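Colleague: Here it is, the structure, as structure tokens.
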């Protein structure tokens with residue numbers, strides 16, 4: 001309890017704050033920022049958490065887990081100019097407790113997944129970047145075009161970092177997908193989902209607690225199925241059905257044409 005007053009103590013006037021107990025520690029964690037962007041023939045559709053077109057879907061989730069998902073399917077036959085989607089989320093986090101400045105061993109479990117089908121130029125890209133005042137930037141990414149150091153189809157693992165109690169750190173996740181202007185159906189999908197926790201072997205874990213940007217939850221979410229197995233969103237699922245029927249019709253016509 002804090003008391004600010006002029007108090008006579010043993011004949012001495014105290015005009016500063018008289019503090020009972022430990023000083024209050026106000027940790028300020030900045031808010032999260034997010035973007036969902038879908039491509040159209042006339043320009044981009046931007047929204048903080050969700051956008052959907054006939055060919056694209058981008059979605060950012062803050063709760064019950066922090067995640068980003070993107071999917072783009074080019075329908076083929078030059079029906080539209082392009083297909084592309086980006087979902088990104090940046091949020092802050094900090095451990096408080098113990099003594100400010102205590103070194104803490106933190107693990108960040110992360111799921112990244114990408115897939116693409118059709119043209120070799122169709123893209124799925126997912127990344128997570130951790131920024132801390134103590135260690136700088138640490139990034140892990142996966143990509144269907146082979147530009148990331150990790151496996152091209154996904155990454156599941158734990159990234160260790162060392163932070164100080166009271167330091168504000170940042171995580172940025174991004175999922176990007178694109179289809180290619182082509183006569184054939186093609187596209188990609190991506191998702192990113194991190195989870196922050198203290199190393200179980202670290203002593204005095206109970207002294208510290210995790211703070212995140214308002215509205216952001218800290219849990220691993222379900223792993224989406226790849227684009228070739230299931231499409232995210234009712235609109236894209238409907239598009240896939242229409243494209244499947246179109247392909248079947250083409251196959252039937254081809255078969256009919258070669259019959260004697």
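Colleague: Would you please give the FRET efficiency between residue 197 and residue 152, computed as 1/(1 + (r/R0)^6) with r the Cβ-Cβ distance and R0 = 35 Å, to the nearest 0.05?
Modeller: The value I calculate is 0.80.
Colleague: Just grab the label-to-label distance for residue 182 and residue 42, each label 7 Å out from Cα along the Cβ direction, in nm (one decimal).
Modeller: 2.8
Colleague: With a point put 7 Å past each Cα toward its Cβ, work out how far residue 49 is from residue 137 in nm, to one decimal.
Modeller: Going from the residue 49 label point to the residue 137 one covers 2.8 nm.
Colleague: When the distances between all Cα atoms of segment 33-238 are binned every 10 Å from zero, what whole-number percent does each bin get?
Modeller: 10, 35, 30, 16, 7, 2, 0
Colleague: Could you give the length gained on full extension between residue 145 and residue 207, defined as 0.36 nm per residue of separation minus the Cα-Cα distance, in nm?
Modeller: 17.9 nm
Colleague: Return the tail of the calculated pair distribution for segment 79-182, meaning the percent of Cα-Cα pairs more than 17 Å apart.
Modeller: Summing the P(r) tail past 17 Å for segment 79-182 gives 58 percent.
Colleague: Oh, and also: Peptides 89-96, 66-73, 202-209: what's the order by average Cβ count within 10 Å, highest mean first?
Modeller: 66-73, 89-96, 202-209
Colleague: Now a separate question. Let me check I have the definition right: for segment 73-126, take the eigenvalues of the Cα gyration tensor, multiply each by 5, take square roots. What are those semi-axes in whole Å, largest first?
Modeller: Working through the eigenvalues yields semi-axes of 43, 13, 6 Å.
Colleague: Report the Stokes-Einstein translational diffusion coefficient (µm² s⁻¹, integer) for segment 162-218, Rh taken as the Kirkwood radius over Cα pairs, at 37 °C with viscosity 0.692 mPa s.
Modeller: In µm²/s, the coefficient rounds to 214.
Colleague: Ranked highest first by the average count of other Cβ atoms within 10 Å around their residues, in what order do 183-193, 210-220, 121-131 fall?
Modeller: 183-193, 121-131, 210-220
Colleague: Report the gain in length on full extension from residue 129 to residue 223: 0.36 nm times residue separation, minus Cα-Cα distance, nm rounded to one decimal.
Modeller: Fully extending the segment from residue 129 to residue 223 adds 31.9 nm.
Colleague: Another question about this same structure. Arranged by the count of other C-beta atoms within 10 angstrom, fewest first, what order do 33, 53, 40 take?
Modeller: The most exposed by this proxy come first: 33, 40, 53.
Colleague: Okay, next question. Can you figure out the FRET efficiency of residue 120 with residue 214, using R₀ = 41 Å and their beta-carbon distance, to the nearest 0.05?
Modeller: Efficiency, rounded to the nearest 0.05: 0.45.
None of the figures in this text is laboratory data; all of them are computed from the coordinates on show. Predicted model only: the values in this text are computed from it and were never measured. Reconstructed Cβ throughout: ideal geometry from the backbone, glycine too, with neighbour counts over all protein chains shown.
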